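The values are calculated or read from the model by the stated rules, or taken from the named source; none is laboratory data. Quantities reported herein were computed from a predicted structural model and do not represent experimental measurements. Please note: Cβ atoms are built from the backbone with ideal geometry, for glycine as well, and neighbour counts cover all protein chains shown.
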Amino acid sequence: MKQEIRLNVNEAPAVNPPLATPISIGLLGAAAFVVTADVRVINPLLHIIATEFKTDVGSAGIIVTAYAIPYGLFQLVYGPIGDRYGKLKIMSIALLLFSFGTALCAFAPSLMFLGLLRFSTGVAAAAIIPMSLAYIGDSYSYKERQVAIGKFLGALAMAQILSTSLGGIAGDFLSWRFLFFFYGLISLVIGFVFWKAARRGNIASATNADARISFRPYWGLLVDRGPRLVIIAVFIEGFFFFGAFSYLGAFLREEYNLAYILIGLMLSGFGLGSLIYSRSVGWLVRRFGESGLILIGGSLTFVSYMIIGLLQMWPLFIPVNIFLGLGYYMIHSTFQTKATEMAPGSRGTAVSLFAFSLFFGQGIGTAFIGLVINGPGYELAFVIAGVALALLGFWFVVANKQT
């Protein structure tokens, strides 16, 4: 893969300042935590939201699509702005707007209105995680970066564990509306702390005052074989992995009539798998390398989805979901690391295109898998996802060696 794309926005050299204080990574993790929790809390609640608004699960999946597509699309806006004015400055503003949008979801009178609110929330949330990854890319050498990203992903893992568990509790004892209001309040507090810390200068943020805010760099990334490979791969990953994962909670409810609290705890296994990855990433990278992680991760996701779809034994879902999380992050963290090196002089722009592709794929994939579920059923949907992810791993490893 080429190490730098020669575009106007990349004329300035890559900036790699040291992290100012440990609190900088702590705040990045806190912001990523609340955004991830807000997204994943939907998974165990999709069935109950569909019931409240008197529709089917496939149709209720529109609230996932309504969030994912603007989340991905607005990466294209935030990337150049973050490179120009400072990644963390933009993030602090977006996080405050995100908190208001999330809290308002608690008062949605209809599925359509909830979809519109999720759309606006996705617009604001788009600045958080990709800008954090770009900032980490500015701060660590490529050799150290996958380990640093893996540690950052620990916050996302904890969010996935807690959000799905809370979602299950809300499904049985509270209300999905309460959770949205709760997350809105928590994100408001984190956003305020984040804004104050950034304003005091406690968090260093690389800026490129000469960078022009333009969409031309995206075209430059797409015409380069190496970056294009990563962008296509993460689109496929988002399409099939999260297209199917969004419906796991509804599947457990409809097929086995399990309590929502149990569904939430079972889904939290995905976060546990990703937490295992974040804690062992250094050893995994040294032992297997990037290609090995992708192949193993693709195999784990394939086997996990096949077991879910074909064996029809819900107790197996508990360990299988842990392996699903571990396998996913073996693939995705490797893609993320490569994305931070697609354009070292404008990482905000490069990582934003990467995130756009991921969430655009998730948005379309959720709609597609919803059609499969409403037609042939859950089993075929999960089998399709598993096979596609296995093929993705083999294809990427082979194609990456040819770049």
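Criterion applied to R118, R84 was being crowded, with 24+ Cβ neighbours inside 10 Å and either modelled with pLDDT of 90 or more or part of a helix (DSSP H, G or I) (or both), and the one residue passing it is R118.
Among the residues of segment 300-321, is there at least one that is of a type in the set (S, T, Y) and surrounded by fewer than 21 Cβ atoms within 10 Å (Cβ to Cβ)? No, there is no match, as no residue in segment 300-321 is of a type in the set (S, T, Y) and surrounded by fewer than 21 Cβ atoms within 10 Å (Cβ to Cβ). E341 meets each of the listed conditions (1) surrounded by 19 or more Cβ atoms within 10 Å (Cβ to Cβ); (2) in a helix (DSSP H, G or I); (3) acidic (D, E) apart from (2).
For D56, the criteria (1) of a type outside the set (A, V, I, L, M, F, W, C); (2) modelled with pLDDT under 85; (3) over 27 Å from P376 (Cβ atoms) hold in every case but one, which is (3).
Just to be sure before I move on: is P130 closer than 23 Å to L185 by Cβ, in a helix (DSSP H, G or I) and within 20 Å of the chain's Cα centre (by Cα) in the structure I sent? The answer is no for P130.
Of A388, A381, A367, all but one fail to be small (G, A, S) and either without any contact (Cβ under 8 Å) to a residue 12 or more places away in the chain or surrounded by fewer than 20 Cβ atoms within 10 Å (Cβ to Cβ) (or both); the exception is A367. Y71 fulfils the conditions (1) under 24 Å from Y247 (Cβ atoms); (2) at pLDDT 90 or above except for a single criterion, (2).
Per-residue answers, yes or no, for (1) in contact with a Ser or Thr (Cβ under 9 Å, 6 or more places away or on another chain); (2) without any contact (Cβ under 8 Å) to a residue 12 or more places away in the chain:
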residue: H47; (1), (2): no, no
residue: G72; (1), (2): yes, no
residue: G79; (1), (2): yes, no
residue: R84; (1), (2): yes, no
residue: L96; (1), (2): yes, no
residue: C105; (1), (2): yes, no
residue: F113; (1), (2): no, yes
residue: L117; (1), (2): yes, no
residue: P130; (1), (2): yes, no
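Looking only at residues in segment 226-272 that are under 23 Å from I69 (Cβ atoms) and among the β-branched types (V, I, T), the one that is surrounded by the fewest Cβ atoms within 10 Å (Cβ to Cβ) is I232. Consider segment 235-286 and keep the residues that are at pLDDT 85 or above and of a type in the set (D, E, K, R). The one that is nearest to the chain's Cα centre (by Cα) is E237.
Yes/no per residue for (1) over 26 Å from E237 (Cβ atoms); (2) in contact with an Asp or Glu (Cβ under 8 Å, 6 or more places away or on another chain); (3) at pLDDT 85 or above:
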site	(1), (2), (3)
G26	yes, no, no
T36	no, no, no
I93	yes, no, yes
G101	yes, no, yes
G122	no, no, yes
A125	no, yes, yes
P130	no, no, no
I136	no, no, no
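Conditions (1) under 15 Å from the mean Cα position of the chain (by Cα); (2) at pLDDT below 90; (3) farther than 19 Å from I276 by Cβ, marked per residue:
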site: L300; (1), (2), (3): no, no, no
site: M313; (1), (2), (3): no, yes, yes
site: E341; (1), (2), (3): no, yes, yes
site: G348; (1), (2), (3): no, yes, yes
site: S352; (1), (2), (3): yes, yes, yes
site: S357; (1), (2), (3): yes, yes, yes
site: T366; (1), (2), (3): yes, yes, yes
site: L389; (1), (2), (3): no, no, no
site: V397; (1), (2), (3): no, no, yes
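With respect to the stated conditions, V397 is in a helix (DSSP H, G or I) and surrounded by fewer than 21 Cβ atoms within 10 Å (Cβ to Cβ). Taken across segment 139-148, residues that are surrounded by 23 or more Cβ atoms within 10 Å (Cβ to Cβ) and either more than 24 Å from F335 (Cβ to Cβ) or touching a residue at least 12 places away in the same chain (Cβ under 8 Å) (or both) do not occur at all.
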